[in-house]
Structures are given as C-alpha cells and as structure tokens.
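Novice: Take this structure first; my questions come after.
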Amino acid sequence: MISDSGIFYHEHPKELWTPKIIPARALPMAVRFKTWICDAQGRKLRVGNEGWNTITDWGMDSLATINQAILASNLHLSTSLGTGKRVLSGGTTLSITSTADPTNVSVVASANFFLSGDVGNTLYIDGLGQELKIVAFTDAQHVTCATRPSVWLPGITPSTGPFSTAGVHFTSIATLAADFQAISTFDTSASQNNAEISDYTNTRFIHQRIWLSGAFGTGQTIQQVGWSNNTTIGGNCFGKINLTTPDTVNAGQKYRLQLQLFCGYTPINLSSVPINWGATIGSYSLNIRTEELRFDWSGSSTNDSSQGSNSGCFLIPTGTPSGTSTNWFTSAFSLVGPYFWGDPSYNSGPHYPPAGSSGTNDLSYAAYSTGTFMKSATWKISDTLSISGATGFVMGGTGNQCLSFAPAGGTITKPSGYYASLIFPIYWTRQLLN
C-alpha cells in the first residue's frame, strides 16, 4: 500500500487558499503462498508450490470498499492454467519517449513485443517503479500507457530507459481458468491459521491464512489458485497465480495452502509543512505525523479474530477507522513515533487528556473512482469549535492517535464559524514480479 500525504488545506467561509501536495511513499501490497499435499488426517506428505501471487485489478478496486482481510477469506482451486504474464526476452528492451504527461506515456519496444489484447492490462517495468495501464495499441512495438491515478507517485522520478526487464501482466482477468472448488476451512492444528500479525520492524501488518480442504472424493490436478471474499465458483478473485508445477491431489488426500498477505505502510512524518488557512485562522508551518498505527482490520468473528477492532489505521483505503474525533492540547506538545502496534515503544496516549474534543468523527473519505487505486481522506476541524492557543492536534483517542499535527512554533487559534481541513490523497500499490 502507499500513502501519498499530499496535503490540501481549506478554511471556511470562502477565503482564498492554495492546494499543496507533499509526497510520502509506502510499500506495495504483496501476497506469498506455499502449498502441501496432506493425508486424510491432514498430515503433510509433501510440499507443492511456493511463491508470490498477482493481485487483480478487481482486487485493487475492491480495496476501496472491502477490507483486505475479507478479500483473503476463501481459497479457490482451478484445474487449468490461466493467462498470467508475458515478459521481455531475447534481448528486447523498452524505452519511454516522454514522462511529462503521466496520462499519455508512449512506450517503444526495440523488437516486436506488444499485442492488441494487451490493452486494459498492466505493463510493469523494473526500474521505473510504478505500474502503467496499457490504454492504446499502435503496433507490436508501440503502445500508449497511463499511470493508474494519473500522476507519478510520490518519490518516483521516472526515467526513459532503455529497460531490459519488463512484462505485460494480465491483471484485468479476475477469474480462474477452471475454478472447481472454494475452501473456507482452516487448519485448526496450526497456530495463527486465521490471524493478523504485526511485523512492526518492517512497517507492515501480515494477514495470514492456512486453509485445509476436506478429503478429495476424486483425484485432482491443481494448476492455478486464487483467493477471494466469496465462495462462488467462477467468481472474481482478489489475487491468483499459475502454479509452476501442478499439485496432484489423490482421492482421499487433502490440500493445504498457507497465505501471507503483506500490507506495508509508511507512516506520514512531515516537518515544517507550510499551510495557509486564510486571513482569519492564519498561516502556519506544521509538523504532521502518524504517531501510532493500530491493526488495519475492523475485526470479525471469522477473520483475524485474534486481533480485534481497528481504531486508528488512518491509511487503510476502505474508509474511516473508529475513534476519529479531533482533540486539541494547550500544554507542551511533542509528536511521538511513528509506532506500529506491537512495537515495545508504542505509547498509548502520551498527550492525554486533551484541552478539548470535538466528540464527533471528523475523518471522511471521498468517493472512489474505479481503476485509480486512490482515495482522498479529509480531516475537517468543525466550524462549531472555538480553539485558542492550541499546541497540538490529534485525530483519535487514547491509544489510537492515527494522525497528529503541531505548529513548528507558536500556537493555533481558530474561532467558531470557521473550519480548517487537511486533505490527504491515499494511494495503494501492488507487487508485480516480471
């Protein structure tokens, strides 16, 4: 996942303001898996396949409304291979003629490589750092592409190549080639068979699933696997992969698959950001930080149940975490962290109690536009609040300070009748391997 803490600011009523974007990057989402063939009692007989999967476009779009923990609820099996990717070979290279317009990127191959059927799918070029959607086919050596969110992501300085490692990934195909079974049962003999794990040293959370099928009535040769939020045979998958070698499961045997969904985050940690909230509230230089990141799942009796509820992961694309009231402080205020849940340094509420609180959920998310893998989040400090001499602001409560800011010097005063807001474009990305 990626967070671009591009920040826009606004004061009400209608006073002039200027949008400003400030970049901050995070890690891509990635999925690792490993399979086993087991006997009728679920004991491992042999290892099958292991590797990384590809998240589909449907899966990336679904993240805007469905939490990733739900999207990895069920395992799907296919007896046929599907269309996966086509990579450069034979010394063919790719070059980009211009990077000035991220919605109109011309890509040229040194030899025939592209096909008309590539349109709508994803071109990933190692060394560019950002995936491209193929939007038009000219001939076997020329295509036109666009970045998904119509911008170059924060931290990306695109080069023109030439690039020797690249591939067309058929991410538009969300179904398995021959889906014949969906598995929603877990290997209860294994620890953390349906859990979320904090890998705070690598700034990520891991959603782990260890599925175990029932005994097969007839033998099956499994060539493709996928995972989804549904058990519908032939339904869309969040992610899928062609197996390197078929997994042959004989009658009476069981199939086991361990999945780890890595959700990486880079907490917002910005210093001296110039903000102009208009003549009434004034201009400030702000330090903005995600002080604490709790788990990124909203809790369920069937998914990640060992974790509980999310109450502070501001960067998840699905929507508002719980406990997003505005709290302000008038005593000495120093930002802490950033800390992930599970980190021994995680400090539950070092600033509390506040001088005042809105008592309302002040975080909102804009509507999602399909195919952009981006959603804007707005922190709005209500016009009904009168705030004087504030040294710092925290969105969230004790133990879930999901976003905080403080003036680099002085204090902030906001009279009632005026609101102040910060808008953060949030982008999410996926790992693609050529």
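Novice: Need the failing condition index for Lys85 against (1) touching a His at 6+ places or on another chain (Cβ under 6 Å); (2) surrounded by 21 or more Cβ atoms within 10 Å (Cβ to Cβ), just the number.
Specialist: Of (1) touching a His at 6+ places or on another chain (Cβ under 6 Å); (2) surrounded by 21 or more Cβ atoms within 10 Å (Cβ to Cβ), only one is false for Lys85: (2).
Novice: Just for the stretch 351-364: of the residues that are at pLDDT 90 or above and outside any strand (DSSP E or B), which one is surrounded by the most Cβ atoms within 10 Å (Cβ to Cβ)?
Specialist: My answer is Pro354.
Novice: Would you call Gln253 in the same structural domain as Gly48 (by TED's automatic domain parsing), crowded, with 21+ Cβ neighbours inside 10 Å and of a type outside the set (A, V, I, L, M, F, W, C)?
Specialist: Judged against the criteria, Gln253 is not a match.
Novice: Scan the stretch 96-127 residue by residue and report those that are touching a Phe, Trp or Tyr at 6+ places or on another chain (Cβ under 7 Å) and over 16 Å from Ser150 (Cβ atoms).
Specialist: Answer for the stretch 96-127, where residues must be touching a Phe, Trp or Tyr at 6+ places or on another chain (Cβ under 7 Å) and over 16 Å from Ser150 (Cβ atoms): Phe114, Ser116, Asp118, Val119, Asn121, Ile125, Asp126, Gly127.
Novice: If you don't mind, there's one more thing I want to ask. Provide a single number: the residues in the stretch 140-157 that are farther than 14 Å from Thr372 by Cα, at pLDDT 90 or above and surrounded by fewer than 21 Cβ atoms within 10 Å (Cβ to Cβ). Steps first, please.
Specialist: Narrowing the stretch 140-157 to residues farther than 14 Å from Thr372 by Cα: 140-144, 154-157.
In the following step, the residues that additionally are at pLDDT 90 or above were identified as 140-144.
From the residues that got through so far, the ones that are surrounded by fewer than 21 Cβ atoms within 10 Å (Cβ to Cβ) too are 140-142, 144.
Of the residues in the stretch 140-157, 4 are farther than 14 Å from Thr372 by Cα, at pLDDT 90 or above and surrounded by fewer than 21 Cβ atoms within 10 Å (Cβ to Cβ).
Novice: Can you pull out every residue in the stretch 179-193 that is out of contact with any His (no Cβ under 9 Å at 6 or more places or on another chain), among the polar types (S, T, N, Q) and either without any contact (Cβ under 8 Å) to a residue 24 or more places away in the chain or more than 26 Å from Leu433 (Cβ to Cβ) (or both)?
Specialist: Ser184, Thr185, Thr188, Ser189, Ser191, Asn193
Novice: Against the condition among the aromatic types (Phe, Trp, Tyr), in the same structural domain as Gly234 (by TED's automatic domain parsing) and at pLDDT 95 or above, how does Phe137 come out, does it pass?
Specialist: no
Novice: How many of the residues making up the stretch 34-53 are surrounded by 18 or more Cβ atoms within 10 Å (Cβ to Cβ) and modelled with pLDDT of 95 or more? Give the derivation first.
Specialist: Our first condition is that a residue be surrounded by 18 or more Cβ atoms within 10 Å (Cβ to Cβ); within the stretch 34-53, this holds for 35-38, 42, 48-49, 53.
Then drop every residue that is not modelled with pLDDT of 95 or more, which leaves 35-38, 42, 48-49.
The number of residues fulfilling the criteria is 7.
Novice: Then there's this: What number of residues in the stretch 54-72 are touching a strand residue (DSSP E or B) at 6+ places or on another chain (Cβ under 7 Å) and either assigned to a strand (DSSP E or B) or surrounded by fewer than 21 Cβ atoms within 10 Å (Cβ to Cβ) (or both)?
Specialist: Number satisfying all stated conditions: 3.
Novice: Shifting gears a bit: List the number of the failed condition for Trp227; all other conditions in (1) farther than 26 Å from Ser80 by Cα; (2) part of a strand (DSSP E or B) hold.
Specialist: (1)
Novice: Now for a separate question. Would you pick out the residues in the stretch 193-226 that are under 20 Å from Ile70 (Cβ atoms) and surrounded by fewer than 15 Cβ atoms within 10 Å (Cβ to Cβ)?
Specialist: Matches in the stretch 193-226: none.
Novice: Just one of the numbered conditions (1) under 25 Å from the mean Cα position of the chain (by Cα); (2) among the small types (Gly, Ala, Ser); (3) modelled with pLDDT under 95 is not true of Gly120; which one?
Specialist: (3)
Novice: Within the stretch 379-416, track down each residue that is buried (at least 16 other Cβ atoms within 10 Å of the Cβ), outside any loop (DSSP other than H, G, I, E, B) and among the β-branched types (Val, Ile, Thr).
Specialist: Ile381, Ile387, Val394, Ile412
Novice: Return the total of residues in the stretch 245-265 being at pLDDT below 95 and touching a Ser or Thr at 6+ places or on another chain (Cβ under 8 Å).
Specialist: Residues flagged as at pLDDT below 95 and touching a Ser or Thr at 6+ places or on another chain (Cβ under 8 Å) within the stretch 245-265 amount to 2.
Novice: Also, I was wondering about something else. Look at Ala174 and say whether it is in contact with a helix residue (DSSP H, G or I) (Cβ under 7 Å, 6 or more places away or on another chain) and either under 30 Å from Ser95 (Cα atoms) or of a type in the set (A, V, I, L, M, F, W, C) (or both).
Specialist: Spelling it out, Ala174 is indeed in contact with a helix residue (DSSP H, G or I) (Cβ under 7 Å, 6 or more places away or on another chain) and either under 30 Å from Ser95 (Cα atoms) or of a type in the set (A, V, I, L, M, F, W, C) (or both).
Novice: Run Ala367 past the list (1) of a type in the set (Gly, Ala, Ser); (2) at pLDDT 90 or above; (3) in contact with a Ser or Thr (Cβ under 8 Å, 6 or more places away or on another chain) and report the number of the one that doesn't hold.
Specialist: (3)
Novice: Still on this structure, please answer the following. Condition first: surrounded by 21 or more Cβ atoms within 10 Å (Cβ to Cβ) and under 19 Å from the mean Cα position of the chain (by Cα). Now tell me which residues in the stretch 267-288 satisfy that.
Specialist: Pro267, Ile268 - these are the residues of the stretch 267-288 that are surrounded by 21 or more Cβ atoms within 10 Å (Cβ to Cβ) and under 19 Å from the mean Cα position of the chain (by Cα).
Novice: Please go through (1) touching a His at 6+ places or on another chain (Cβ under 6 Å); (2) more than 23 Å from Thr56 (Cβ to Cβ); (3) of a type in the set (A, V, I, L, M, F, W, C) for Leu176 and return the number of the only condition it doesn't satisfy.
Specialist: (2)
Each row is one residue, and each column tells you yes or no for (1) at pLDDT below 95; (2) not in a strand (DSSP E or B).
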position	(1), (2)
Ile233	no, yes
Cys237	no, yes
Lys240	no, no
Leu243	no, no
Pro267	yes, yes
Asn287	no, no
Ser301	yes, yes
Gln307	yes, yes
Ile316	yes, yes
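The values are calculated or read from the model by the stated rules, or taken from the named source; none is laboratory data. The structure displayed is predicted, hence computed values, not measured ones. A quick note on method: Cβ atoms are made from the backbone with ideal geometry, for glycine too, and the neighbour counts reach across all protein chains shown.
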